[in-house]
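Below is one structure, written out as structure tokens, with a few remarks after it.
What follows draws every value from the coordinates through simple rules; no lab data is involved. Only a predicted model underlies this, so the values are computations on that prediction, with no experimental measurement involved. Positions of Cβ are generated from backbone atoms using ideal geometry, with glycine treated the same way; all protein chains shown enter the neighbour counts.
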Amino acid sequence: MSKIHSVWGFIRRHKYFVVIAFFAIMLGFADENSFWARRQRIQEIEALKAERREYQNKYDQDTRALEELETNPEAVVRTAREKYLMKYPDEDVYVFMDEVQKEETQEAKDEGTN
């Protein structure tokens, strides 16, 4: 019983400190709109903005490439030769791959046979 009286006495003497500490804990950690949750949401927003910039850059590159393909016949030939490894009938094409690309190609072939 004396512990309850001592705790109650502490709360009565330091009521402003106790209320401020309670609200600081509520706002800092316990509430769904706490500073901690807001910080996490801000980080998530920044990550999504970076992802959006990345997709926007890729879209711009693809748009430029498509525009070039529609206007320049030499670009069609270059794209076919570089991207799709097409060749003229009288020439030989040699493709050099890194080890990582070889492994990915082999894995793709293995999955295709299963």
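Test of the criteria: in segment 13-48, which GluC sites (Glu not before Pro) are in a DSSP loop and have at most 13 other Cβ atoms within 10 angstrom of their Cβ? Write out the running numbers ahead of the final one.
Working: sites: Glu32, Glu44, Glu46; in loops: Glu32.
Within segment 13-48, the qualifying GluC sites (Glu not before Pro) (loop, at most 13 other Cβ atoms within 10 Å) are Glu32.
Please grab the % of Cα pairs in segment 51-113 that end up more than 21 Å from each other. Mind showing how you got there, number by number?
Working: 1025 of 1953 pairs.
It works out to 52 percent of all Cα pairs.
Could you give the angle, 0 to 90 degrees to the nearest 10, between helix 2-13's Cα long axis and the longest principal axis of the Cα atoms of the chain?
So the helix axis and the longest Cα principal axis differ by about 80 degrees.
How large is the dipole of segment 51-113 about the Cα centre if only Lys and Arg carry +1 and Asp and Glu carry -1, each at its Cβ, rounded to the nearest 20 debye? The partial results should precede the final answer.
Working: 10 positive and 19 negative charges, 47 e Å.
That gives a dipole near 220 debye.
Specify the angular offset, from 0 to 90 degrees and rounded to the nearest 10, of the alpha carbon long axis of helix 99-113 from the longest principal axis of the alpha carbons in the chain.
That helix lies at roughly 80 degrees to the long axis.
In Å and from the alpha-carbon atoms only, list the Rg and Dmax of the chain.
32.3, 101
Which ordering of Leu27, Leu85 is given by a fewest-first count of other beta-carbon atoms within 10 Å? Working shown, then result.
On the way: Leu27 14, Leu85 9.
In increasing order of surrounding Cβ atoms, one gets Leu85, Leu27.
How tilted is helix 15-25 with respect to the longest principal axis of the chain? Cα atoms for both, answer in degrees (0 to 90, nearest 10).
20
Along the charge dipole of segment 1-51, pointing to its positive end and built from +1/-1 on Cβ of Lys, Arg, Asp and Glu, which listed residue (Ala50, Ile25, Ser2) has its Cα farthest out?
Ser2
Might you report the magnitude of the Cβ-based charge dipole of the chain about its Cα centre, with Lys and Arg at +1 and Asp and Glu at -1, to the nearest 20 debye?
The calculated dipole for the chain is roughly 1980 debye.
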